[in-house]
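Heads up, the thing below is written out as structure tokens.
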Amino acid sequence: MKYNLLFLICLLLTSCNQIQKEKKLSNKIVIAHRGASGYLPEHTLESKAMAYAMQVDFIEQDLVLSKDDVPIVIHDIYLDDVTNVANKFPDRKREDNRFYVIDFTYDELKSLQVTERFNPKTGEQFYPNRFPKWKGNFKLHSLQEEIELIQGLNASTGKNIGIYPEIKEPKFHQKEGKNLTAIVLNVLADYSYKTKKDNCILQCFDAEELERIRVDLKSELFLVQLIEHPEEAKQLAHFATYADGVGPWYKQILSEKVNNRFQFTNLVKEAHELGLKVHPYTFRADALAEFSSFDEMLKTLLIDANVDGAFTDFPDKVIDFLKKENER
Ligand code: G3P
Ligand code: CA
């Protein structure tokens, strides 16, 4: 009788632990960084559809304005490291020899071929083992086109996969006489992304701009303050006055190894104490740096450091990892 009771208590404790662990892991979100960009050229609709099929939680859109004020999904204000602009419009570069998205209309941008990222000076592909450069037939697209793809798939599959747009270089846009933020917020509202319930997370590296989005523009969206430099992490308490989460470079979560074991800075703990979610970037299976395997990277950051999500070029691998952790 005594042993039966002991057995039952053990069973109950084990299943409670398992439930808690599953709850914790299922709360971690997988963000397709520029789509499934480890497999297809970044920010193409094809890479977004592939990420969708992998059943990620969110798909990312970096946003830059065209000459005629269309928000284009592209990582940089430049075109020459992911398109054939230098061949197609050789006379349209600026004095710094770069080709700017903002100097081209939507129709001109649509006429370009998109390819896997490369160095425009050498022509060398940035990640040599990814999709081969200049193969296929990929195009740029607008924020509206991408939302229609994702919302259309949500309608046809019954899933509810979110969007994670980023306002890129707001000060550059202002200098060019453009208001990227206002245009993006209008498009988001047109497609019913208005509040924290609407499965849209808005991100920006520029802290002044993100604060303005909350305080002056009164956005009710879930806001994530991106963090580029370690010293910015000292401003977490201020970020918490307007943002719901932070997106640091993952290295800002790691500190010096002790006895060959990874140690952590206070960033995640402090952010959690302030009620901020932590979504570090960028988890790449083909750029491991200090890690000996992708699984080690995932375990160190997602489990040991307890972050709340990951921007990744390889969403399928992160999803598999979280599933396996749940089953352990
Ligand atoms: O936005 C967070 C993540 O995408 C990292 O930044 O430079 O790839 O836009 P980036
Ligand atoms: Ca981004």
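For this structure, a couple of remarks:
- Complete set of residues in region 143-190 that are over 17 Å from the mean Cα position of the chain (by Cα) and among the small types (G, A, S): G152, A155, S156, G158, G177, A182, A189
- One residue stands out among those in region 256-286 that are among the hydrophobic types (A, V, I, L, M, F, W, C) and within 16 Å of ligand 2 (Cβ to nearest atom): the one that is farthest from P315 (Cα to Cα), which is V278.
- Some residue of region 311-321 being without any contact (Cβ under 8 Å) to a residue 24 or more places away in the chain and more than 16 Å from ligand 2 (Cβ to nearest atom): yes
- Filter pass, L79 being over 18 Å from E166 (Cα atoms), away from ligand 2 (no atom under 16 Å from the Cβ) and either modelled with pLDDT under 95 or aliphatic (A, V, I, L, M) (or both): no
- Of all residues in region 82-92, those satisfying the criterion of being buried (at least 18 other Cβ atoms within 10 Å of the Cβ) and either aliphatic (A, V, I, L, M) or within 16 Å of ligand 2 (Cβ to nearest atom) (or both) are V82, V85.
- When F239 is tested against (1) in contact with a Ser or Thr (Cβ under 8 Å, 6 or more places away or on another chain); (2) more than 16 Å from ligand 2 (Cβ to nearest atom); (3) of a type in the set (F, W, Y); (4) within 30 Å of S219 (Cα to Cα), only condition (1) is not met.
Quick grid of which residues meet (1) at pLDDT 95 or above; (2) out of contact with any Asp or Glu (no Cβ under 6 Å at 6 or more places or on another chain); (3) within 16 Å of ligand 1 (Cβ to nearest atom); (4) under 22 Å from E166 (Cβ atoms):
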| site | (1), (2), (3), (4) |
| --- | --- |
| L226 | yes, yes, yes, yes |
| W249 | yes, yes, yes, yes |
| E256 | no, yes, no, no |
| N260 | no, yes, no, no |
| K269 | yes, yes, no, no |
| P280 | yes, yes, yes, yes |
| D286 | yes, yes, yes, no |
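- Of the residues making up region 93-105, just one is of a type outside the set (A, V, I, L, M, F, W, C), within 24 Å of K48 (Cβ to Cβ) and either surrounded by fewer than 18 Cβ atoms within 10 Å (Cβ to Cβ) or touching a residue at least 60 places away in the same chain (Cβ under 8 Å) (or both), namely T105.
- In region 43-64, residue nearest to Y100 (Cα to Cα) [restricted to those that are more than 16 Å from ligand 2 (Cβ to nearest atom) and not hydroxyl-bearing (S, T, Y)]: L45
- The single condition from (1) within 16 Å of ligand 1 (Cβ to nearest atom); (2) in a loop (DSSP other than H, G, I, E, B) that N160 fails is (1).
- Leading residue by the ranking (farthest from ligand 1 (Cβ to nearest atom)) among those in region 70-91 that are in a helix (DSSP H, G or I) and closer than 14 Å to K110 by Cβ: K88
- Residue among Q61, Q55 that is in contact with an Asp or Glu (Cβ under 7 Å, 6 or more places away or on another chain), under 30 Å from L288 (Cα atoms) and of a type outside the set (K, R): Q61
- Candidates K159, K168, filtered to the one that is among the charged types (D, E, K, R), within 16 Å of ligand 2 (Cβ to nearest atom) and either at pLDDT 95 or above or touching an Asp or Glu at 6+ places or on another chain (Cβ under 9 Å) (or both): K168
- Restricting attention to region 56-69 and to residues that are of a type outside the set (A, V, I, L, M, F, W, C) and over 15 Å from the mean Cα position of the chain (by Cα), the residue that is farthest from ligand 1 (Cβ to nearest atom) turns out to be D68.
- Where a residue in region 202-222 is within 14 Å of ligand 2 (Cβ to nearest atom) and its partner, wherever it lies, is charged (D, E, K, R) and outside any loop (DSSP other than H, G, I, E, B), with Cβ under 6 Å and at least six apart: Q203/E166
- Members of region 118-156 found to be touching a helix residue (DSSP H, G or I) at 6+ places or on another chain (Cβ under 8 Å) and either in a strand (DSSP E or B) or β-branched (V, I, T) (or both), listed by number: F138, S142, I147, I150
- Complete set of residues in region 195-215 that are outside any helix (DSSP H, G or I) and either of a type in the set (G, A, S) or at pLDDT below 95 (or both): none
The values are calculated or read from the model by the stated rules, or taken from the named source; none is laboratory data. Being a predicted model, the structure only gives us computed values, none of them experimental. Positions of Cβ are generated from backbone atoms using ideal geometry, with glycine treated the same way; all protein chains shown enter the neighbour counts.
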